[in-house]
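Beneath this line is the structure, given in structure tokens, with notes to follow.
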Amino acid sequence: MARMSAEERRESIVRVASAEFARGGYHGTSTEAIAKRVGVSQPYLFRLFRGKKAIFLAAAERCVADTIRMFTEASEGLEGEEALHAMASAYTRTIAERPELLMMQMQMYLAVAAAEQEGDREFGETVRAGWLRLWDVVHLALGADVGGTTNFMAHGMLINCLAAMGFPTGHRVWEGLDLSARLEGAPEQ
């Protein structure tokens, strides 16, 4: 079996860290657990990343990049309402198939709030920069309509909360959402 390059190992760490942080959050996830799942020592982990914060921020960047890529691919060649429905459908399908993506997003927001209460602004700066890139992708796909972008992102946060709490798609709390924004593959009530 061929040895992994440092870049391949780094990629493996980010993938594993994303799943671990999604499940346990920043404070509830140890670098020891990440290293063990990847099959490396903690000292090797810290040769590739400056520390736990750097690993978390790399996982956060990956989460945002994956979401941007999904929205970009879903809306390619579409405009306005067609782009909106395609992005909403792709997102709900993705978080149903990959719940760790949703959970990592939620953990990112919690980590920012906790870090900023402690005076650490780096988490917030990195996560907000990623979120602004995501906003811009949606904004362009929706024809640079500020109201439409705001509405789409607001609905997305509602979808995140409902999905994270486990509301089945047939529940009345989903009724105000467009059908394309309802979780595909989620259990009916």
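The solvent-accessible area of residue 41, taken with every protein chain present and a 1.4 Å probe, is close to 60 Å². Projecting the Cα atoms of 170, 4, 114 onto the charge dipole of the chain, computed from C-beta unit charges around the Cα centre, puts 4 farthest toward the positive end.
Ranking 98, 3, 47 from most to least accessible surface, computed with a 1.4 Å probe over the protein chains only, gives 3, 47, 98. The charge dipole of region 29-78, taken about the Cα centre with unit charges on the Cβ atoms of Lys, Arg (+1) and Asp, Glu (-1), comes to about 420 debye, rounded to the nearest 20. For region 1-75, the convex hull spanned by the alpha carbon atoms encloses 104 Å³ per residue.
Applying the Karplus relation 6.51 cos²θ - 1.76 cosθ + 1.60 with θ = phi - 60° to region 151-158 yields 3J(HN,Hα) values of 4, 4, 5, 5, 4, x, 5, 5 Hz, where x marks Gly and Pro.
The alpha-carbon atoms of the chain, seen along their principal axes, cover 50, 44, 37 angstrom, with the largest extent given first. Accessible surface area normalised per residue over region 34-174 is 50 Å², counting heavy atoms of protein chains with a 1.4 Å rolling probe. Only DSSP H runs of four or more residues enter the estimate; each adds -39500 (n - 2.57), and after division by the residues of the chain the mean residue ellipticity at 222 nm equals -24000 deg cm²/dmol. Considering only 118, 100, 82, the mean-square fluctuation computed in a Gaussian network model of the chain, springs between alpha carbons under 10 angstrom, is largest for 118. Computed 3J(HN,Hα) for region 82-92, one whole-Hz value per residue from the Karplus formula 6.51 cos²θ - 1.76 cosθ + 1.60 where θ = phi - 60°, is 5, 5, 4, 5, 5, 5, 4, 5, 4, 5, 5, glycine and proline marked x. If you roll a 1.4 Å probe over the chain with all protein chains in place, what percent of the accessible area is carbon or sulfur? About 54 percent, which is the carbon plus sulfur part of the accessible surface.
The values are calculated or read from the model by the stated rules, or taken from the named source; none is laboratory data. The structure displayed is predicted, hence computed values, not measured ones. When we count neighbours, we look across all protein chains shown, and the Cβ atoms used for this are built from the backbone with ideal geometry, even at glycine. Keep in mind that these areas ignore ligands, DNA and RNA; they rest on the heavy atoms of the full protein, side chains included. Shrake-Rupley method; radii C 1.70, N 1.55, O 1.52, S 1.80 Å.
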